[in-house]
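Let me begin by presenting the structure, written as structure tokens, before commenting on it.
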Amino acid sequence: MPQTTLSAQHLRRDFGARHAVKDVDIELQRGEVLGLLGQNGAGKSTIMQMLAGTLAPTAGNIAVGGFSLNANPTAAKAHLGYLPENPPLYLEMSVDDYLTFAARLRRADHPPQAVARAKSRCGLADIGQRTIGQLSKGYRQRVGIAQAIVHNPQVLILDEPGSGLDPLQIREIRKLIRELGDECSVIFSTHNLAEVESLCDRLLILRAGEIVYSGRGDELHAPGELEETFIRLTAVETQNLASLPHPTGQTA
């Protein structure tokens with residue numbers, strides 16, 4: 001049977017009178033890559049921050065690795081890795097020093113072995129002595145992913161991992177994410193629809209903090225029509241939401 005690695009129920013986040021996220025449910029299985037889509041301001045980063053435990057939900061429950069993020073945050077966070085949109089890098093440190101620091105911070109078993117494994121997975125084996133500030137954007141992103149997986153988490157959360165990369169770097173990051181998805185659960189946000197089609201087993205589409213679609217991409221649109229379908233789902237007026245695919249895949 002599939003193993004549930006992350007479960008979020010009835011997530012809500014308010015900023016004053018503004019409801020940024022409204023009653024969102026998310027479930028991840030081991031080996032699954034889930035794409036989170038939506039226009040700017042749809043609530044993607046807010047959801048990512050709540051799932052990662054860096055932003056408290058106004059309401060709702062989150063469990064990671066079977067542990068409640070609300071009641072037992074230390075145990076829950078031990079099972080997740082997080083790469084925010086702006087990677088938390090110390091540019092003056094070497095790759096090895098930074099990843100060793102991250103491994104110890106995350107209480108990884110045998111930090112030297114954990115660092116070596118993360119470097120190997122992320123294509124960093126030959127640049128451990130390089131200063132992070134001297135690396136290209138693509139390699140900095142790899143270092144950011146390496147710190148997120150150094151403790152071998154069950155769940156990997158990536159916020160816009162391809163942001164600012166050139167086409168070759170994006171292709172390399174896509175390949176890395178797909179490989180990581182074979183070992184753990186991955187949820188990532190993106191504006192790049194090509195990433196969704198090439199990487200995701202399932203996708204969630206958000207509009208104004210609500211899920212308007214949850215399911216497989218190939219069940220949502222005809223070949224080559226994801227962009228048109230995405231625009232229709234995310235730009236539609238509120239009064240027309242009843243005609244959209246229900247989050248379970250059924251018509252509302």
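Readers should treat all values here as calculations from the given coordinates under stated rules, not as data from a laboratory. Computed from a prediction, not measured in an experiment: that's the story for all the values here. Note: ideal-geometry Cβ built from the backbone for every residue, glycine included; neighbour counts use all protein chains shown.
With θ taken as phi - 60° and the Karplus curve 6.51 cos²θ - 1.76 cosθ + 1.60 applied, the whole-hertz 3J(HN,Hα) list for the stretch 47-56 is 5, 4, 5, 5, 5, 7, x, 9, 9, 6 Hz, x standing for glycine and proline.
Rank by packing, highest mean first: peptides 204-213, 50-59, with packing defined as the count of other Cβ atoms within 10 Å averaged across residues. The partial results should precede the final answer.
Details: 204-213: 22.1, 50-59: 17.8.
Packing proxy ranking, top to bottom: 204-213, 50-59.
Between amide H atoms placed 1.01 Å from N, distances below 5 Å from Q154 occur with L80, all of them 5 or more places distant or on a separate chain. For the stretch 82-152, the alpha-carbon radius of gyration amounts to 0.95 times the rule-of-thumb value 2.2 N^0.38 Å expected for a compact globular protein. Partners of K175 within straight-line reach, counting lysines whose Cα lies under 16 Å from its Cα and excluding those fewer than 8 residues away in the same chain: K119. Partners of K44 within straight-line reach, counting lysines whose Cα lies under 22 Å from its Cα and excluding those fewer than 8 residues away in the same chain: K22, K77. Scanning residues 5 or more positions from G215 or on other chains, those with amide H under 5 Å from its amide H are L203, with H placed 1.01 Å from N in the peptide plane.
Near the amide H of V21, within less than 5 Å, lie the amide hydrogens of R13, all on another chain or at least 5 residues away, with H placed in the peptide plane.
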